[in-house]
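So the structure is just underneath, and the comments pick up after that.
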Amino acid sequence: MPTLTTPADMRAWADKARREGLTIGFVPTMGALHAGHLELIRAATAAADVVVVSIFVNPMQFGQDRDFDGYPRPIEADIALCDSLGVSAVYAPTASTVYPPGFQTRVLPGQLAEGMEGAARAGHFGGVTTVLVKLFSVIAPHLAVFGEKDYQQLAVVRQMVRDFDLGIEVVGFPTVRELDGLAISSRNALLTAPQRAAATCLPNALQAAVDVGNRGADSRVTDILSSAREIIDTEPSAALEYIDVFDAATLTPIETLTPVQRSVGAVRIAAAIRIGAIRLIDNRDLFGH
């Protein structure tokens, strides 16, 4: 399994695969691979002839958030794990390769990127879309797999691919969770044992919201949000950044649920909390049980 570090080498590898008639699956990551990433890789392997995994901690999407400095980077272990899973190639460029001196161009997302994570992390989605355009242009995959844990990101990427006629199938994969319900994330490894226990307030809060939402036609958005906030508020280690109920397609916040919206896949709830210095996000299909 080759580990490629320059756009020229990665493009040459991908061009050869295409000439051979092979379909290319792509899993973009920032490394620190975990069980969630492994499921994305398996999904790509099932859908494509060859699979490329990128490992790149993208400074542009962190903005002024110093979380970038502490982001785990076990690159050798990540490469070995990719090899064991049958990944066809790893693309692991350096920051100076992706953003060389004189780099100026940015890809600015639209309305889908304005709320929730977009409001909490200025410039974040512009960093995501910019690096993905660079990765997509070099690898030219037939399909790319993203986790639904970052649901807003998934929506932004799908919109960008449509808007720019990139011809890439964007596949969303359900959130992979620990046994206690916490969404698997590279940041979980940074939590102390007490913080890790406290972090379960996030999935527990979303489950409470789902329970209230599914109790019948009389459930209201205010009650759904209140049930989730109550659980987070009872955890002294957790600080709530936002919690929103929104249309799954447009990401527009919802204040009143219509009968049509009370169906699987129509409405989601998402939240972000901080446990100490660690920021965690999660979301659920409100009527997906």
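A short reminder: the numbers here are calculations on the coordinates, not readings from a lab. Predicted, not measured: the structure shown is a model, and the values here were computed from it. Cβ coordinates were reconstructed from backbone atoms using ideal geometry, including for glycine residues, and neighbour counts include every protein chain displayed.
Cβ crowding within 10 Å ranks His34, His124, His289, His142 as His289, His34, His142, His124, fewest other Cβ atoms first. Its DSSP H runs of at least 4 residues, each contributing -39,500 (n - 2.57), put the calculated 222 nm mean residue ellipticity of the chain at -11000 deg cm²/dmol, to the nearest 500. In this structure the amide hydrogen of Glu169, modeled in the peptide plane, comes within under 5 Å of the amide hydrogens of Leu143, Ala144, none closer than 5 places in sequence on its chain. What's the FRET efficiency of Leu22 with Ala77 using the Cβ-Cβ distance as r and R₀ = 25 Å, to the nearest 0.05? Computed FRET efficiency for Leu22 and Ala77 comes out at 0.35. With bins 10 Å wide beginning at 0, the percent of Cα pairs of the chain falling in each bin runs 6, 27, 35, 22, 8, 1.
Counting every other Cβ atom within 10 Å of each residue's Cβ, Asp285, Asp165 order from fewest to most as Asp165, Asp285.
With respect to the chain, whose longest principal axis is taken over its alpha-carbon atoms, helix 151-163 is tilted by about 50°.
Tell me, how many Å apart are the Cα centres for the stretch 199-264 and for the stretch 1-50? So the separation of the two Cα centres works out to 36 Å. Amide H to amide H, with H built 1.01 Å from N, Leu22 comes under 5 Å of no residue 5 or more places away or on another chain. Spacing of the modelled spin labels on Thr234 and Glu178, each 7 Å from Cα toward Cβ, amounts to 2.0 nm. Taking the number of Cβ atoms within 10 Å of each Cβ as an exposure proxy, the fewest-first ranking of Met30, Met1, Met116 is Met1, Met30, Met116.
Here the translational diffusion coefficient of the stretch 75-174 follows from Stokes-Einstein with Rh set to the Kirkwood radius across Cα pairs; for 25 °C and 0.890 mPa s it amounts to 163 µm²/s. Shape class for the stretch 3-173, computed from the alpha carbon gyration tensor (a ≥ b ≥ c): rounded, with a/c under 1.5. Comparing Pro194, Pro74, Pro259 in a Gaussian network model of the chain (Cα springs below 10 Å), the most mobile by mean-square fluctuation is Pro259.
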